[in-house]
Structures are given as structure tokens and as C-alpha cells.
Amino acid sequence: MDDLPPGASVLDCAAVGRLLTHEGAGVTVPEPGMKVTVDSLSVDGSRHGFTLEVAADGTVSYDLAADAHAEEHHQAAAPAAARAARAACADSAYAVADHKEYGTYDWWLGDDALPGNVSVAQARRAFEDAIGTITGTRNDCGYGDAVGARSKYHGRTYHEADIDQQARCTARDHVSVWDAGILSPGVVATTCSWSRSVKSGGPDWLKEADVRFNTRDYTFTNNPTGDCKNAYDIRSVATHEAGHVFGLAHVGSGHEGQTMFTNSFACTTGARTLGRGDVLGLRSIY
């Protein structure tokens, strides 16, 4: 990132298509008028991700800590221990990434292995359920409104998620793919989102979002049971990643009850439904 500081031009530096990294996360520099965001779900709850935006004239800007905005949107005046103990429906924390799906999120399944060795039909149901939790704001907190966006599954594809083995966003291929494969150790799953600014001045328009699960280092299950040991629930992780697709960012320590908490806990299905903050975040976007 030091080689392409804020205010620099990707045209002057011939930077389009080159890899740019920051604190272990990385993106491929897009063409002018595009923005790319990388969000990685980590085992230890640390935050790995940032946003790179290239203006129409090629000027670069960054959002290095979208997570920090969460502190602007939670119920204040509670000590850290109390915040950590909050129930999902009592915590209003959320963070947003400044993009949204204005129409229909069209997505495909990759043609390689899937998390948990589930069948294609099972993966489709799990991912559709996760995406539907976001678009339908499914929760146990009494909120009934839905997100003004839709999704459509189109089948399997030979395309892969545009995410490399170090969980960095590669150049986009204009196809939104959910798949599984190798990611950096410590990263459970990664979402890469590409968006374009709109004339109205609202959140940028999502153009592609890819999701990859790390099946080299972590075990996934579609049905955590009482004897589950260190396996991640597919639907919980997928719901978290779908949150990124539709514009939510991470919330950190003290907000463990929210689906968008930086760590998805093993052997629990808690993130399959949204917390108060998750819903409020979606309402702020849609």
C-alpha cells in the first residue's frame, strides 16, 4: 500500500491489475470507477480486510478499518464485560461497507469440492438459506422487515471464486461464485466484493461478490450435534459471508451475539439468525 498511497493515480502508476496488500489482506487493483472490498472471517476474531476505491479519474482512496464504524452504532456506556455478555437481541452494534445490492444477486456454485463434503443440492439449500436470512432479515428479535434485494441461484460453473490461496481478491471475472478450497491458515472463509458508484450518491452498486470456505485447514458440518468437535456450521458461516455480500461489515469484541462478529464459533448454529445490530445495519443500508 505504501507504493500506492491515497491520492495517487492508478493510471500514472500503471497499477490496474497489480496486487496490493495491507496487514496480511490483499486485493487486485480494479479499473477506474470500481471499488473492491476483502473481508476474512478469522479463527481468533482478528480483523483482516480493507476497501480500495479507484475513482473515475484513477485516484485511489482506502477504508482501512470499516469495522471501527461499529462503535458509532452501539448502545454506549456499558463496560466491555457487560457488552460481551449482551444477548443478540439487546445489542445494536453494526458496521457497514458502503455497498448494496440494488437488484438481484445472481450467484453460482463452483464445480470443485464443497464445504463439509455436502452434495450440490445440500450446498445450494444451505447457501440459499443463508442468503435468505440476510434478504429476509430472519431473526428472533421481533423484526419483520425484509431487505430490498433479491437473489437467484444459477447452477454450477467452471468459474472459481476470484480469491487466491492467501485469501486475497484477484481480478474479477463478472461471475459471483461460492466455493471451497485453500485459504490462509487462520482464515475460515473470505468474501470479495466489487461495486461501482451510483449517480444518486448512495451506497455503491454491488457488481460481483465471491465467497470461499477454507476446507484445507477447517472442518465444516451442516448439522452440528452434541459430539461436535471444532467443526464450523456451514449455514452460520454462510450467513456471515452473505452479510458481507449485502453490505455489512465486521463488529468486534463485546458483540459476540451478532452474526457479523469477527469470529464464527465452532459447533454452534447461533449465527444462522440475525441479532438486533445485524438487522439495524441492514435497515441502515436498505
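The values are calculated or read from the model by the stated rules, or taken from the named source; none is laboratory data. All of these numbers come straight from a predicted model, not from anything done at the bench. Every residue, glycine as well, gets a Cβ built from its backbone with ideal geometry; the counts of neighbours run over all protein chains shown.
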For residues in the range 198-223 being charged (D, E, K, R) and part of a loop (DSSP other than H, G, I, E, B), which is nearest to residue 43 (Cα to Cα)?
217
Top-ranked residue of the range 88-110 - restricted to ones that are over 17 Å from residue 212 (Cα atoms) and either free of Cβ contacts under 8 Å to residues at least 40 places away in the same chain or hydroxyl-bearing (Ser, Thr, Tyr) (or both), ranked as surrounded by the most Cβ atoms within 10 Å (Cβ to Cβ)
94
If you scan the range 85-110, which residues turn out to be among the hydroxyl-bearing types (Ser, Thr, Tyr), part of a loop (DSSP other than H, G, I, E, B) and under 15 Å from the mean Cα position of the chain (by Cα)?
94
Filtering the range 25-53 down to residues that are modelled with pLDDT of 95 or more and assigned to a loop (DSSP other than H, G, I, E, B) yields 29, 30, 31, 32, 33
Among 171, 113, 130, 126, which is the only one that is assigned to a loop (DSSP other than H, G, I, E, B), closer than 21 Å to residue 218 by Cα and in contact (Cβ under 8 Å) with a residue 24 or more places away in the chain?
113
The range 177-200 - residue that is of a type in the set (S, T, N, Q) and surrounded by fewer than 24 Cβ atoms within 10 Å (Cβ to Cβ) and, of those, farthest from residue 236 (Cα to Cα)
200
Go through the range 133-168 and give me each residue that's in a loop (DSSP other than H, G, I, E, B) and aromatic (Phe, Trp, Tyr).
143, 158
If you go through the range 201-224 one residue at a time, do you hit one that is free of Cβ contacts under 8 Å to residues at least 12 places away in the same chain, surrounded by fewer than 19 Cβ atoms within 10 Å (Cβ to Cβ) and either more than 15 Å from the chain's Cα centre (by Cα) or closer than 23 Å to residue 154 by Cα (or both)?
yes
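Residue-by-condition table, conditions (1) modelled with pLDDT under 95; (2) closer than 22 Å to residue 35 by Cβ; (3) among the β-branched types (Val, Ile, Thr):
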site: 67; (1), (2), (3): yes, yes, no
site: 78; (1), (2), (3): yes, no, no
site: 109; (1), (2), (3): no, no, no
site: 116; (1), (2), (3): yes, no, no
site: 122; (1), (2), (3): no, no, no
site: 133; (1), (2), (3): no, no, yes
site: 147; (1), (2), (3): yes, yes, yes
Any chance you could count how many residues in the range 231-278 are of a type in the set (A, V, I, L, M) and outside any helix (DSSP H, G or I)?
7
Only one of 154, 159, 174 that is at pLDDT 95 or above, surrounded by fewer than 19 Cβ atoms within 10 Å (Cβ to Cβ), of a type outside the set (D, E, K, R) and out of contact with any Phe, Trp or Tyr (no Cβ under 8 Å at 6 or more places or on another chain)
174
Test for residue 190: is it in a strand (DSSP E or B) and β-branched (Val, Ile, Thr)
yes
May I ask you to list the residues in the range 271-286 that are closer than 14 Å to residue 147 by Cα, of a type in the set (Val, Ile, Thr) and out of contact with any Pro (no Cβ under 7 Å at 6 or more places or on another chain)?
279
Looking at the range 33-43, can you tell me whether even one residue there is without any contact (Cβ under 8 Å) to a residue 24 or more places away in the chain, in contact with a strand residue (DSSP E or B) (Cβ under 8 Å, 6 or more places away or on another chain) and not polar (S, T, N, Q)?
no
Exactly one of (1) over 27 Å from residue 17 (Cβ atoms); (2) touching an Asp or Glu at 6+ places or on another chain (Cβ under 6 Å); (3) surrounded by 17 or more Cβ atoms within 10 Å (Cβ to Cβ) is unmet by residue 126. Its number?
(2)
Has the range 233-255 got any residue that is over 18 Å from the mean Cα position of the chain (by Cα) and of a type outside the set (A, V, I, L, M)?
yes
Considering only the range 9-27, how many residues are hydroxyl-bearing (Ser, Thr, Tyr) and out of contact with any Asp or Glu (no Cβ under 8 Å at 6 or more places or on another chain)?
1
